[in-house]
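Only the coordinates and a few stated rules stand behind these numbers; no lab work does. Not measured: the values here are computed from a predicted model. Cβ placement follows ideal geometry from the backbone for every residue including glycine, while neighbour counts extend to all protein chains displayed.
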Amino acid sequence: MDDLAAAFRAAIRDEVTRQLAELQPPAPAAPVVVTIAPESIGSPDDLLTVREAAAYTKRHPETIGNACRGGELRGFQPKKNAPWRIRREDLDTWLGVKPVVRRGPLRAL
């Protein structure tokens with residue numbers, strides 16, 4: 001009887017351990033550090049800080065920062081631990097906004 005009880009306890013312990021392991025959130029992915037050539041960044045007017053990007057997208061600055069760190073939003077840091085810089089066109093892509101296509105000047109009918 002003791003052997004049966006011990007085996008039953010071991011089976012329950014193993015099942016509980018397995019189920020608890022499934023409930024644990026996955027470990028966060030390490031941020032990807034990408035070096036960008038300065039000439040590919042664009043004009044300084046197109047670069048926004050996290051606060052400016054938050055105002056532009058009408059999102060909270062923490063949302064923008066988390067998206068950059070998580071790799072969901074493309075941004076860069078000029079140096080390690082420097083503030084994030086985000087291009088306006090990358091924000092538009094992140095939001096799903098299609099760029100305006102300019103076809104030429106308007107003509108009077």
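Note on Arg18 and Thr63: their simple-model spin labels are 4.1 nm apart, each label 7 Å out from Cα toward Cβ.
Label positions at Arg74 and Ala10, each projected 7 Å from the Cα along the C-beta direction, are separated by 5.6 nm.
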